[in-house]
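Working notes, structure below.
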Protein chains: 2
Amino acid sequence: MTTATAQAFPNIAFIKYWGNRDAHFRIPSNASISMNLGGLETRTQVTFDPALKNDQLTLNGKPQSGKSLERVSAVLDLVRQMAALQRFARVESNNNFPTGVGIASSASAFAALSLAASAAAGLALSEAELSRLARRGSGSACRSVPGGFVEWQAGEDDLTSYAFSIASPGHWDLSDCIAIVSQAPKPTGSTEGHALAASSPLQAARLADTPRRLDFCRRAILDRDFEAFAEVVEQDCHLMHAVMITSTPPLLYWQPATLAVMQAVMDWRKNGLPVCYTIDAGPNVHVLCPTASAAQVISGLTLITGVEKVLAARPGGPTHLV
Amino acid sequence: MTTATAQAFPNIAFIKYWGNRDAHFRIPSNASISMNLGGLETRTQVTFDPALKNDQLTLNGKPQSGKSLERVSAVLDLVRQMAALQRFARVESNNNFPTGVGIASSASAFAALSLAASAAAGLALSEAELSRLARRGSGSACRSVPGGFVEWQAGEDDLTSYAFSIASPGHWDLSDCIAIVSQAPKPTGSTEGHALAASSPLQAARLADTPRRLDFCRRAILDRDFEAFAEVVEQDCHLMHAVMITSTPPLLYWQPATLAVMQAVMDWRKNGLPVCYTIDAGPNVHVLCPTASAAQVISGLTLITGVEKVLAARPGGPTHLV
């Protein structure tokens, strides 16, 4: 096979990854837990073509060069090495959701790329091998490889740092209602951000408390205990943003509308609605709830000043060939 | 003397006090540095009157009862004990600025009360004694007793925990332009908030880094080095709010307009204006700058959506009799 197409979903982390133990291999400073976002999709076709003089990438129909092409070529290099292949590749990738605004498009992109490229090269990688490969392109991409609810064990090196499912997509019907408050590119990308984590006087304390939060979150998911889930998800989000804003230089990703959504969600929960939020390295707010409450949450979010639109997702499956 | 009137200024902390080692005596978990806010004034008259059957308090012309009267009586009890006095007191206190909205009105209130009550009881307390007495009413009130730029040494007990000047009001002409984004009472008062500090997994790390920030801030003030001052003041603010929002339950004092002001101030500074912010346990933002830039800062703040009004203050003197 010299061409293959894969589909992958981005993911939202409930227990966040922030800071690397090894930036080159993207070995994280702490383990993390996430859910794939079914409904938001990246579809990537990779063709190894002997006629090409170098790798080519089109993203949403636009030819790419520079850094984004380099990041893709770095993953293709790993695949070529494993497959003892010397051809360059044509990569066409399309998202059905906004790209580069903090909705983890790099996670689904590198998960889909890893599967499409390895299949096109004739490799049949295991889920763990694919997860490790995706991680090399973008850390959190390793979590988009397995399906449903996923844990990324930090590991100690390239071999031991990969993700696996802790519950299938059908285990718990959660919805992620993503309040988009800005579609502007982030002032500081995640890769640069991770490098600042250690400059915060709070990062070590955040890391020391992480095993407790991982256990608490894993248990809440397995028990489908939304109240416990909400408590730990929001606390973990606050801990990551606490580290971000106390790093040097400080990273303040929140916008006024980010805070308006946070306040609204806390008020709704006080009034009995099962709902909580989490925020990645950007201003947009992921509002989580049982799907039975999603319609109410979405209509509430659209009324908040500064919310441009709301995307919705439910637990997504693994990265797969199409 | 059985009646006396004192005037005091609130203060804004550059290095924040959050969490108590001893809640009863209000011995703080860490030392702090502040500036008195000249222009914002509390004026308090205390009269010990043999005709009274209990303590009476009027605040801005309104008779008070319950908790606020109890807190005042507790300080009067200490004064009565020191003076071997058995009379009850009539206390009349007035502020020329909004009360109970996070502009440290309790600091100026208890500083003025301590001086007026002790003088009315015939006591001539030293500055350190007055500072210790004010601390019993409201921790940060001890910083309003000395003039100008003030450090509150945490101390280890009632005797060693008090504040002193590190620079006179004339040392550095800073302005505090207070952007009022809400005048609603705080959902959680500072006394309750302090009790939550230890529940944050980040408080110990914040405390461990405090000596560094104290030294850095003290040096920046003594050197009138605004750039260094801005860096440490904002980081200290972020550290306190990081602890607040990661406590159980979380305390999120910021409003959307709080964040709009923070972003604006960071942008202005990037563009060369000497300005920084700090935020107490409330949504209002203290925007600090050399007084030469204050007019420009105030007019910029009034243009931000959600800013209701802007108060301005310059370094204030000590609590004094009038």
### MRE, 222 nm, helices only [DSSP H, n ≥ 4, -39500 (n - 2.57), over chain A, to nearest 500]
-11500 deg cm²/dmol
#### Entry: Sparsely packed trypsin sites (Lys or Arg not before Pro) within the range B:1-80, loop by DSSP, other Cβ within 10 Å at most 13
B:Lys53
### Message
How compact is the range A:185-322 by the rule of thumb for globular proteins, expressed as Cα Rg over 2.2 N^0.38 Å?
### Response
1.12
### Query
Given springs between every Cα pair under 10 Å in a Gaussian network model of chain B, which of B:Ala292, B:Ala163, B:Ala13 has the largest fluctuation?
B:Ala292
### Message
Straight-line reach from A:Lys186: which aspartates and glutamates fall under 12 Å, measuring Cα to Cα and dropping same-chain residues less than 8 apart?
### Response
A:Asp280
### Spin-label pair B:Gln183/A:Asp157, simplified geometry with 7 Å Cα→Cβ offset, distance in nm
6.6 nm
### Task
List the lysines whose Cα lies under 27 Å from the Cα of A:Lys53, skipping any in the same chain that are fewer than 8 positions away.
A:Lys62, A:Lys67
### Query
In whole percent, how big is the carbon plus sulfur part of the accessible area of the protein assembly as shown, probe 1.4 Å, protein atoms only?
53 percent
### Summary
Relative contact order in percent for chain A (Cα pairs under 8 Å, 6+ apart) equals 25 percent
### Summary
For the range B:209-290 the chymotrypsin sites (Phe, Trp or Tyr not before Pro) that pass both the DSSP coil test and the at-most-10 other-Cβ-within-10 Å test are none
### Message
Tell me the angle of helix B:226-245 to the major Cα principal axis of chain B, expressed in degrees between 0 and 90 and rounded to the nearest ten.
### Response
70 degrees
### Query
Nearest 100 Å², what total accessible surface is buried between chain A and chain B (probe 1.4 Å)?
2100 Å²
### Task
Note every residue of the range B:181-222 with a reduction of at least 30 square angstrom in accessible area, all protein chains present versus the isolated chain, computed with a 1.4 Å probe, or write none.
B:Pro201, B:Leu202, B:Ala205
### Message
I'd like the distance separating the alpha-carbon centroids of the range A:156-189 and the range B:1-47, in whole Å.
### Response
47 Å
### Query
Using the alpha-carbon atoms, what tilt in degrees (0 to 90, nearest 10) does helix A:210-222 show relative to the longest principal axis of chain A?
90 degrees
### Task
With no solvent and one equal point scatterer per Cα, compute the Debye intensity ratio I(q)/I(0) for the range B:186-246 at 0.29 Å⁻¹ and report its log10, rounded to two decimals.
-1.12
### Query
Could you give, in nm with one decimal, how far A:Leu222 is from each other copy of that position, shortest first, with labels 7 Å out from Cα toward Cβ?
5.7
#### Entry: Per residue accessible area in Å² of the protein assembly as shown, where ligands, DNA and RNA are left out and the probe is 1.4 Å
37 Å²
### Message
Using a loss threshold of 50 Å², tell me which positions in the range A:252-268 are less accessible in the complex than in their chain alone. Probe radius 1.4 Å, ligands and nucleic acids ignored.
### Response
A:Leu252, A:Trp254, A:Pro256, A:Leu259, A:Gln263
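The values are calculated or read from the model by the stated rules, or taken from the named source; none is laboratory data. Quick caveat, the model's predicted, so the values are computed rather than measured. No Cβ is skipped: glycine too gets one built from the backbone with ideal geometry, and neighbour counts run over all protein chains shown. When the accessible area is computed, the model is the full protein with side chains, heavy atoms only, and any ligands, DNA or RNA have been set aside. Shrake-Rupley method; radii C 1.70, N 1.55, O 1.52, S 1.80 Å.
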